[in-house]
Amino acid sequence: MKLPENHDLNLCHQNLSLLMEQLSEIQSFKGKWSLIKTKLQNLPTQLSDLSDFPHFSSNTLSSDLLKSLSQTLTDTITLAETCQNPNPSIGKLRMQSDLDSISAKLDQHLRDSELLIKSGILQEISQEIAQTSSSKRESIRIQVRNLITRLQIGNSESKNSAMDLLLRLLQDGDKNVLIAVAQGIVPVLVRLLDSSCIEIKEKAVFAISRISMVDSSKHVLIAEGILLLNNLVRIIESGSGFAKEKACVALQALSFSKENARAIGSRGGISSLLEICEGGTPGSQAFAAGVLRNLAGVAENRLNFVEENAVSVLIGLADSGTALAQENAMGCLCNLVSEDESLKILVVKEGGVQCLKNFWDGASSSQSHEVAVGLLRNLATCRPIAEVLVSEGFIPRLVGMLSGSVSGVRIVAARAIYELAFNMKTRKEMGEVGCIPPLVMMFDGKAVEERDAAVKALSLVLLYAGNRRVFRKEERGIEGAVQLLDPSIQNLEKKYPISVLLSVSQSKRCRKQMVDVGACVLLQKLVGMEIEGAKKLLESLGRGKLWDMFGRT
């Protein structure tokens, strides 16, 4: 069956033929026309390649390209007619500008047609046929490939329209995001971040932020490296409020990589993010604080935080921001002070203790509690600050976290107990507010980190005699501590369960319990490994008649 004639294609051929005849009559600006002629000579081959595709005439991309090319050729004919006069009526500068514009348009048409031919879009049957004969997944693949091509050719209006369609597709489920990423949308979007059209640039940021929210797609964004990071940092410096918020969403996902976090910090990102925390929209403040939270975990960035007066900004946001902004601000402070004594003192001077108390008491999620306890623990490693925290009533708050349903919260809380149990007074208070039963329950935790944190905390808490009496009454106390002596349990320091057991070894009943549950066999192994305190505890269990029990074991 003969395919119908394409009007725009025929018109392009006619105009090209006319132009090639006119070029021999050109009298002015011959140098520029020589360049234009070279470009015009490449067009017939590409038009022929386009027409070889059976469905090219029904494809909107090729149709738009031919219409645009036809108009450019018409404009070129008008200019050629004018330049047949040695002294054209149009001014020299105006004519040079018009010829440069035509040359640039022809370059664009050549690039667009080459991309259209190589993209494979013209090999696809029409979208309506695809939707009826192919799976939904394949239909989406076809749509995405079509959009990828549209985002690379044509004018801003066409690209803007394609961006709208892409955003609707990406927002219609994570599966669509994965398909789009697999088809190669990310590099195209990254290039559009340099678009001169602000609307396209903002939509590209939106699309990238949407992709960043799908965990299995983040690695593709990370692979774009410094180019993507630089573009996003520029947007948070000078973009609109909407663009800044979406850029922060993407940067939060990308900054989990320490290499990226260092790069963002070294490119002035911290200053711009803090400005958003102070004066951005509620949404952008929360995400900016999330990026800063990741950046604060990299030691090389901390000097920048100090220089930018970050602590006061973060405390201000933690006092007045949205729930997510507060959580991220506190998380940032937690990371910031983790290994820096001077920053811990600065946080306290800036009102961080009262801020922490307010945040803690208002927290409604386990994530917020974990952040609050984490900051408390990091601050408490500085003894003068630990004393302030105790005086401000944090011990009862902390003990309440030991019975939570989330393992991560319990672990951080137990580690904080260890830091705050620095004298007999605080140990006594801990026992009085009930820290021992939940710490003993943590001996049965699935994670080794939980059992280790619990027994380490108890090793100090039980230095107070009154607490030892409470521990002895706990049914799982002795047995749980003995089980932690097992050398096969890795990443658990044995000196802490040994210390716990030594603290109650003066009790004949406790020594008998230890022997009954197999402490002697385990201690023998630890003595051979030269573990601190193992020999002393073994000798304690071997006193008197109990030594015979050890022999039988």
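The values are calculated or read from the model by the stated rules, or taken from the named source; none is laboratory data. Here the structure is a predicted model, which is why all the values come from computation and not from measurement. FYI the Cβ positions are ideal-geometry reconstructions off the backbone, even for glycines, and counts take in every protein chain you see. What goes into the accessible areas is simple: the full protein's heavy atoms, side chains included, and nothing from ligands, DNA or RNA. Shrake-Rupley method; radii C 1.70, N 1.55, O 1.52, S 1.80 Å.
Any idea which of ALA465, ALA481, ALA454 is out of contact with any helix residue (DSSP H, G or I) (no Cβ under 6 Å at 6 or more places or on another chain) and not acidic (Asp, Glu)? Quick ask: steps written out before the conclusion?
Values: ALA481 fails: out of contact with any helix residue (DSSP H, G or I) (no Cβ under 6 Å at 6 or more places or on another chain); ALA454 fails: out of contact with any helix residue (DSSP H, G or I) (no Cβ under 6 Å at 6 or more places or on another chain).
Step by step, each of ALA465, ALA481, ALA454 is checked, and only ALA465 is out of contact with any helix residue (DSSP H, G or I) (no Cβ under 6 Å at 6 or more places or on another chain) and not acidic (Asp, Glu).
Against the definition (assigned to a helix (DSSP H, G or I) and open to solvent by 50 Å² or more (accessible area, probe 1.4 Å)), how does GLU138 come out, yes or no?
On the way: assigned to a helix (DSSP H, G or I): yes; open to solvent by 50 Å² or more (accessible area, probe 1.4 Å): yes.
Considered against the rule, which asks whether it is assigned to a helix (DSSP H, G or I) and open to solvent by 50 Å² or more (accessible area, probe 1.4 Å), GLU138 comes out as yes.
Output yes when any residue across region 456-468 is modelled with pLDDT of 95 or more, in contact with a Cys (Cβ under 7 Å, 6 or more places away or on another chain) and closer than 18 Å to ARG427 by Cβ, and no when none is.
Scanning region 456-468, I find at least one residue that is modelled with pLDDT of 95 or more, in contact with a Cys (Cβ under 7 Å, 6 or more places away or on another chain) and closer than 18 Å to ARG427 by Cβ, so the answer is yes.
Tell me which of these SER540 doesn't satisfy, since it passes every other one: (1) at pLDDT below 90; (2) open to solvent by 50 Å² or more (accessible area, probe 1.4 Å); (3) hydroxyl-bearing (Ser, Thr, Tyr).
(2)
If a residue has to be of a type outside the set (A, V, I, L, M, F, W, C) and over 26 Å from ASP107 (Cβ atoms) to count, how many in region 148-188 make the cut?
Filtering region 148-188 for residues of a type outside the set (A, V, I, L, M, F, W, C) gives 149-150, 152, 154-161, 164, 168, 171-176, 183-184, 187.
Pick out the ones that are also over 26 Å from ASP107 (Cβ atoms) and you get 164, 168, 171-176, 183.
The number of residues fulfilling the criteria is 9.
Do the conditions hold for LEU420, that is, is it of a type in the set (A, V, I, L, M), at pLDDT 95 or above and either in contact with a Pro (Cβ under 8 Å, 6 or more places away or on another chain) or within 21 Å of ALA519 (Cβ to Cβ) (or both)?
Details: of a type in the set (A, V, I, L, M): yes; at pLDDT 95 or above: yes; either in contact with a Pro (Cβ under 8 Å, 6 or more places away or on another chain) or within 21 Å of ALA519 (Cβ to Cβ) (or both): no.
Here the answer is no, as LEU420 does not meet what is asked.
How many residues are in a helix (DSSP H, G or I) and either touching a Leu at 6+ places or on another chain (Cβ under 8 Å) or surrounded by 13 or more Cβ atoms within 10 Å (Cβ to Cβ) (or both) when one looks only at region 82-99?
So the first thing to find is which residues in region 82-99 are in a helix (DSSP H, G or I), and the list is 82-83, 92-99.
Now drop any that are not either touching a Leu at 6+ places or on another chain (Cβ under 8 Å) or surrounded by 13 or more Cβ atoms within 10 Å (Cβ to Cβ) (or both), which leaves 82-83, 95-96, 98-99.
Count: 6.
Under 6 Å between Cβ atoms, at least 6 apart or on separate chains: pull out the pairs that start in region 11-29 with a residue that is under 13 Å from LEU79 (Cα atoms) and part of a helix (DSSP H, G or I) and end on any residue that is of a type outside the set (Phe, Trp, Tyr) and open to solvent by 60 Å² or more (accessible area, probe 1.4 Å).
Every condition considered, the pairs that remain are LEU23/LYS37.
Pull up region 202-260, narrow it to residues that are of a type in the set (Asp, Glu) and in a helix (DSSP H, G or I), then point me to the one that is most open to solvent (accessible area, probe 1.4 Å). Break it down stepwise before answering.
The first filter runs over region 202-260 and keeps only residues of a type in the set (Asp, Glu), leaving 202, 215, 224, 237, 245, 259.
Then drop every residue that is not in a helix (DSSP H, G or I), which leaves 202, 215, 237, 245, 259.
Numbers: GLU202: 45, ASP215: 114, GLU237: 92, GLU245: 47, GLU259: 133 Å².
Selected residue: GLU259.
Among the numbered criteria (1) surrounded by 13 or more Cβ atoms within 10 Å (Cβ to Cβ); (2) of a type in the set (A, V, I, L, M, F, W, C); (3) in a helix (DSSP H, G or I); (4) at pLDDT 75 or above, which one does ILE153 miss?
(3)
Can you pull out the residues in region 261-299 that are part of a helix (DSSP H, G or I) and of a type in the set (Ser, Thr, Tyr)? Give the steps one after another, and end with the answer.
Kept after step one, since they are part of a helix (DSSP H, G or I), are these residues of region 261-299: 261-266, 269-279, 282-295, 299.
Matches in region 261-299: SER266, SER271, SER272, SER284.
Quick check: is even one residue across region 266-278 within 26 Å of GLU392 (Cβ to Cβ), among the aliphatic types (A, V, I, L, M) and modelled with pLDDT of 95 or more? Can you show your working first?
We begin by selecting, within region 266-278, every residue within 26 Å of GLU392 (Cβ to Cβ); these are 277.
Among the residues that remain, those that are also among the aliphatic types (A, V, I, L, M) are: none.
No.
Might you let me know whether region 191-199 holds any residue that is of a type in the set (Gly, Ala, Ser), assigned to a helix (DSSP H, G or I) and either open to solvent by less than 50 Å² (accessible area, probe 1.4 Å) or at pLDDT 95 or above (or both)?
So the first thing to find is which residues in region 191-199 are of a type in the set (Gly, Ala, Ser), and the list is 195-196.
Cutting the leftovers down to assigned to a helix (DSSP H, G or I) gives us none.
The answer is no; no qualifying residue exists.
Please state which of the following conditions ASP172 fails to meet, knowing it meets all the rest: (1) within 24 Å of the chain's Cα centre (by Cα); (2) in a helix (DSSP H, G or I); (3) farther than 14 Å from ALA204 by Cβ.
Only one criterion in (1) within 24 Å of the chain's Cα centre (by Cα); (2) in a helix (DSSP H, G or I); (3) farther than 14 Å from ALA204 by Cβ is unmet by ASP172, namely (2).
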